[in-house]
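Okay, structure first, notes after.
The values are calculated or read from the model by the stated rules, or taken from the named source; none is laboratory data. All values derive from a computational prediction rather than experimental measurement. Heads up, the Cβs are rebuilt from the backbone with ideal geometry, glycines too, and the neighbour counts pull from every protein chain shown. All accessible areas refer to the heavy atoms of the entire protein, side chains included, with ligands and DNA or RNA removed. Shrake-Rupley method; radii C 1.70, N 1.55, O 1.52, S 1.80 Å.
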Amino acid sequence: MNEQVQGASGGPLFNPLAPDFIRDPYPHYDRLRTIDPVHLTSFGQFVCSRHADVSLVMRDKRFGKDFVERTQRRYGPEIMNEPVFRSMSHWMLQADPPDHTRLRGLVVKAFTARRVEDMRPRIQEVVDQTIDAVIDRGHMDLIEDFAFRLPVTIICDMLGIPEDHREVFYKSSRDGGRLLDPVPMTPEEIAKGNAANAMAQMYFQQLFELRRRSPGDDLITQLVQAEEDGSKLSNEELTANIILLFGAGHETTVNLIGNGLLALHRNPDQLALLKARPDLMVNAIEEFLRYDSSVQMTGRVALEDIDDLGGRKIPKGESVLCLLGSANHDPAVYPDRPNRLDVTRPNVKPLSFGGGIHFCLGAQLARIEAEIAIGTLLRRLPDLRIDDVENPEWRPTFVLRGLKRLPASW
Ligand code: HEM
């Protein structure tokens, strides 16, 4: 099989920014898994769609990130002069050991299960305040007025962003998603990325100054102190990883809440069941993550020649895309109607948080935020209805899968 393998309409088998793919990627994944499970795209990347291959690639040490090399292969050697790409090259998400181990080690304690459990009362308070603010209106946009505010507030709390600086973050455009997509960015998109990166750098440099003068009990203070030590963290790494934490800490969780609410309202039997049995909520969140993951893909690079990945040879240096959303619908692991939402489904273990050394740092935080947000909404607004469940407006990005808006009334 090669890149000539085509999709249902005669177009490419993997065309992740096509409107019908964005609207519903799952029939496309079903075809990929059946026809060409390790598919070579016209951009020269290998796309894994089966659970077994996705899971293996994320955990196997023969694969890594190799960000600079991989990006230069795709865009040419000058790309690292673009500030947004230079900044990304310092993200722990894109780093290999030993840098990855060092960067992750500096923040991991803030995300332990215990620390995150302790945040429950604050998360509940923010969700209640958000509902209080709109309850008399009778309608809202579930994305902007509801899902968005919680993760932004919580990551601002964790980073130590002062309350009176936050309004700009609540209003921010959420345009950064294209940075992660496997389809190369246009020069205009790169220019936009550079501008957003420059704004973020300017803001955070000022906040670092503030925290050097007046330390707090927050992640920025912790990292600023690590930077002052000299050997632990460079200034570029500090800024880049704070920008990563801010972005990773909200966009993904907004979409977990939004995609979960849409899935429930498209499946009224499941919605009724969950309202009747709130004890199913923890399992329901795993099912939302599986059913329509807010992160659809992560990637690795072959660090050596790989003889056999799902029947293919992968030469050293080539990129392998791991389709998390497809792995989550693989009948080999979910034999009982994988394309159906079932909040009682047993043994749901979605790959939505990735795997191996890069396994999502915020997984437990995201689960608890979604559990409290969705649980409280169902309890406090039991007759809430989504205006148009059939044709919601999706954001035009592939890796970060989520809705632009989701108007609802009660
Ligand atoms: C539903 C919500 C979320 C999803 C689906 C998600 C998904 C992911 C995925 C797929 C990865 C890459 C794993 C890999 O390549 O193997 C990742 C990494 C990461 N996530 Fe999340 N994430 C979510 C929420 C969060 C939150 C709330 C935070 C922080 C507050 C966060 C911080 C990070 C960080 C820092 C990494 C990089 C970890 C590393 O490279 O070691 N994520 N996440």
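Overview of values
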item: Accessible area in the full protein assembly, largest first, 1.4 Å probe, for 28, 165; result: 165, 28
item: The range 239-366 - convex hull of the alpha-carbon atoms, volume per residue in Å³; result: 123
item: Carbon + sulfur, % of accessible area of the range 19-409 - ligands and nucleic acids excluded, 1.4 Å; result: 53
item: The range 61-145, relative contact order in percent, only Cα pairs under 8 angstrom and at least six apart counted; result: 18
item: All aspartates and glutamates inside 15 Å of residue 316 as judged from Cα atoms, apart from same-chain residues fewer than 8 positions distant; result: 60, 66, 69, 304, 305, 307, 308
item: GNM top mover of 338, 12, 187 - the chain, alpha-carbon springs below 10 Å; result: 187
item: About the Cα centre, charge dipole magnitude for the range 19-409 (Lys/Arg +1, Asp/Glu -1 at Cβ), debye; result: 620
item: Relative packing of 137-143, 32-38, 317-323, which averages over residues the other C-beta atoms within 10 Å, highest first; result: 317-323, 32-38, 137-143
item: Whole-Å semi-axes of the range 32-166's equivalent ellipsoid (Cα gyration tensor); result: 37, 22, 18
item: Formal net charge of residues neighbouring residue 31 (Cβ-Cβ distance under 14 Å; K, R +1; D, E -1); result: -3
item: Reciprocal mean inverse distance between Cα atoms of the range 19-409 - Kirkwood radius, Å; result: 21.8
item: With all protein chains modelled, accessible area of residue 316 [1.4 Å, Å²]; result: 130
item: Stokes-Einstein diffusion coefficient of the range 149-304, Kirkwood radius over Cα pairs, 25 °C, 0.890 mPa s, in µm²/s; result: 134
item: Too-long pairs where the Cα-Cα distance tops 32 Å, listed order kept, from 61/349; 65/192; 232/404; 232/349; result: 232/404; 232/349
item: The range 236-328 - accessible surface per residue (Å², probe 1.4 Å); result: 30
item: Contact order normalised by residue count of the chain, Cα under 8 Å, 6+ apart, percent; result: 27
item: For the range 146-240: rounded, prolate or oblate by the Cα gyration tensor [a/c cutoff 1.5]; result: oblate
